Every structure is written in C-alpha cells, then in structure tokens.
Amino acid sequence: MMEIQLWRELLDPYQLAVDELLLKFNHVIREHRMKGKYSPIEEVDGRVKDIVSILEKMNRKGVLMNEIEEKIEDLAGIRITCQFVEDIDRVVNLIRGRTDMEVKYEKDYIRHAKISGYRSYHMIIYYTVDTIDGPKKIHVEIQIRTMAMDFWATIEHSLQYKYKENIPQHVQQKLIDASQATVDLDRAMSDVRDEILDAQNSHRNKEILVRDILSNIQNLYKLANEREIAKIQDEFYKVYVLDDLVQLQHFAKQLDIISEGYRAQSIF
Ligand code: 0O2
C-alpha cells in the first residue's frame, strides 16, 4: 500500500501536466475553429505511464528508483493526431514557439522510420507545473502523427503485447509492408488535399474577380448610357456561365479598357 502511495505522489505532477496540456492543445483546436481556420491538430490525447510499464522500461534500460524522473522521459505523454503529414510540421513549429514549453530534443521517426516500421514525430519537452511545494519542471513526451501512422502504431503496439519481443518474422515483414502502405496513404491524401485547396483557391479567385467586374459595371452607370450597360451586362453573363477563369479575366481586362475610355471622355 505504502509503495502505491509513493508512486502516486511521484506521478501526481505528471497527471497535472497531462491535464493542463490536454486543455491547452484542445484550446488550440478551438481557437482555430472559432476563427474559421483549419486546425493542424485533429485530436489530442494524453496519459500518465502506468506503473507496470514504468517498471518494465526501468528494467530494460537499467534505471534505478531515484533516476526515474531524470531518465524516463515519457512518464507524461501527449499524443497529437493530424489529418495530413504537412500538419505535423505546423504543430512542431507551434510547440517550438510556445513560451510555456521548452523543447529538450526531437526525434523524427517520419523521415527516419524505425526498423519496426514505426513512424511518428517525437518531442521531449520541459514543462513546469505549480504544486503546493512550488514549481516543478518535468519531462513530457509529445508524439505527433497522422491518423494513418496512429492506426499502424496502435495495432502494432497491441501485437507487441501479445507476442512480447517475439513477433514472428513473417508478421514483422507484414507490419513493415503495412507501414509502407501508411506512407502511400499519407501521400495520396496529401495529393487530394492539394487539389481541394487549389479548387478552393480558384473558387475564391473567381469570386473576387466577379465582385470586381460587378463594381466596375456599377460605376459605369455614372458614365455610360443604360443601353450600353445592358449590353455589357449581357456579355458579362454569357462569359460568367462558361465558368472559365481565363475568359473571365479577359472580360475583366476589356471592361477596364472600356471604363478607362468612358472616364477619359467624361473629363472633357
Ligand atoms: P508505451 O506503452 O507507448 O508507453 P525505446 O528504448 O525505443 O523503447 P525511447 O528511446 O525512450 O524508447 O523512446 P522512443 O524510441 O522515442 O519511443 C518512445 C515511445 O514511442 C514508445 O513508448 C512508444 O509509445 C512509441 N514507439 C516507439 N517505437 C515504437 C514501435 O516500434 N511501435 C509502436 N507501436 N510504438 C513505438 P514505450 O515506452 O515503448 O511504450
């Protein structure tokens, strides 16, 4: 019983860090959405490492009881999932830029996947929690990954438990192949994203152009006669329904020239 109580005291600041960081990262999501922006963070999750896996890791790495906090850097763990690989760099930069998190070091298992096939971006940070005994600076491990990487890691992790260290060779190979499939999936989704962004951009460009044209026509009312303007309106609509940005740009240019002509006339 006493032992458990000691563990609780040791881990309590880590629980506080996890709680605070979950609140903060969830707020990052909320802030983006509130401002109508795309959030590079899709979801955030966190945990304090359980005592059994701390003991296992201590044993594996030869860590003594009084070295736990210094040598086990993932007592507090935050996992951030992103929709697209590109979002990961944005999250990394966001964390690097924060005043309440200090990066100790980073491990890029995306550009350099582990032999197992594991892919994720890891950041070990220092984070200060305020306890009744004063401030305490502790390690937190942040894992940043796409949903595809997370899918792979979750399943592979559960297999590790089942087989311990002895995952059969042919299963290992299948996992490596599956990891490559997540690389391909992430790439395919990024391509889709680029195309969607392009489509959104061209839609926005068209909208801006149409507004410009309409306000140009509006201004012509002061200068040209109504019959002329009705003709221009008709022509505009003909081009508009073609849904071709280049034609619309061409029309806008011609309209500029016409407006310029009217303006020059009106001066005299
Ligand atoms: P848990 O159960 O997630 O807490 P290492 O010596 O490799 O175990 P190290 O050097 O401290 O650990 O850090 P590393 O390699 O960056 O890994 C830390 C964490 O990343 C692991 O925590 C896992 O969560 C995850 N991870 C690393 N490699 C793999 C892998 O091959 N497969 C999966 N599924 N996850 C991995 P723990 O302590 O191992 O476990």
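Applying the criterion of being among the acidic types (Asp, Glu) and assigned to a helix (DSSP H, G or I) to the residues of the range 139-162, the residue that is modelled with the highest pLDDT is 150. Picking from residues in the range 94-118 that are at pLDDT 95 or above and among the hydroxyl-bearing types (Ser, Thr, Tyr), the one that is nearest to residue 148 (Cα to Cα) is 118.
Mind checking which residues of the range 201-239 are over 27 Å from residue 264 (Cβ atoms) and among the hydroxyl-bearing types (Ser, Thr, Tyr)? Answer for the range 201-239, where residues must be over 27 Å from residue 264 (Cβ atoms) and among the hydroxyl-bearing types (Ser, Thr, Tyr): just 202.
Residues of the range 207-230 being more than 48 Å from the chain's Cα centre (by Cα) and polar (S, T, N, Q), which ones? Within the range 207-230, 225 is the sole residue that qualifies. In the range 72-97, which residues are in a helix (DSSP H, G or I) and surrounded by 14 or more Cβ atoms within 10 Å (Cβ to Cβ)? Listed by number, the residues that qualify are 85, 86, 87, 88, 89, 90, 91, 92, 94, 95.
Here residue 106 fulfils each of the conditions (1) within 25 Å of residue 182 (Cβ to Cβ); (2) in a loop (DSSP other than H, G, I, E, B) apart from (2). Test residue 137 against the criterion of being closer than 21 Å to residue 18 by Cα and not hydrophobic (A, V, I, L, M, F, W, C), and give yes or no. Criteria met by residue 137. Considering the range 20-40, and only residues there that are part of a loop (DSSP other than H, G, I, E, B) and at pLDDT below 95, the residue that is nearest to the chain's Cα centre (by Cα) turns out to be 39. Scanning the range 248-268 for residues that are touching a residue at least 12 places away in the same chain (Cβ under 8 Å) and aliphatic (A, V, I, L, M) yields 248, 252, 255, 258. When residue 17 is tested against (1) in a loop (DSSP other than H, G, I, E, B); (2) touching a residue at least 40 places away in the same chain (Cβ under 8 Å); (3) small (Gly, Ala, Ser), just one condition goes unmet, and that condition is (1). The residue of the range 114-160 that is nearest to the ligand (Cβ to nearest atom), among those that are without any contact (Cβ under 8 Å) to a residue 12 or more places away in the chain and of a type in the set (Lys, Arg), is 114. Of everything listed in (1) at pLDDT below 95; (2) closer than 27 Å to residue 167 by Cβ, the single unmet condition for residue 121 is (1). Checked against the criterion of being of a type in the set (Gly, Ala, Ser), more than 12 Å from the ligand (Cβ to nearest atom) and in the same structural domain as residue 150 (by TED's automatic domain parsing), the range 72-83 has no qualifying residue. Looking only at the range 25-52, count how many residues are polar (S, T, N, Q) and over 20 Å from residue 123 (Cα atoms). Of the residues in that region, 0 qualify.
The values are calculated or read from the model by the stated rules, or taken from the named source; none is laboratory data. This is a predicted model, so every value here is computed, not measured. Methodologically, a virtual Cβ is constructed for each residue, glycine included, from the backbone with ideal geometry; neighbour enumeration extends over all protein chains shown.
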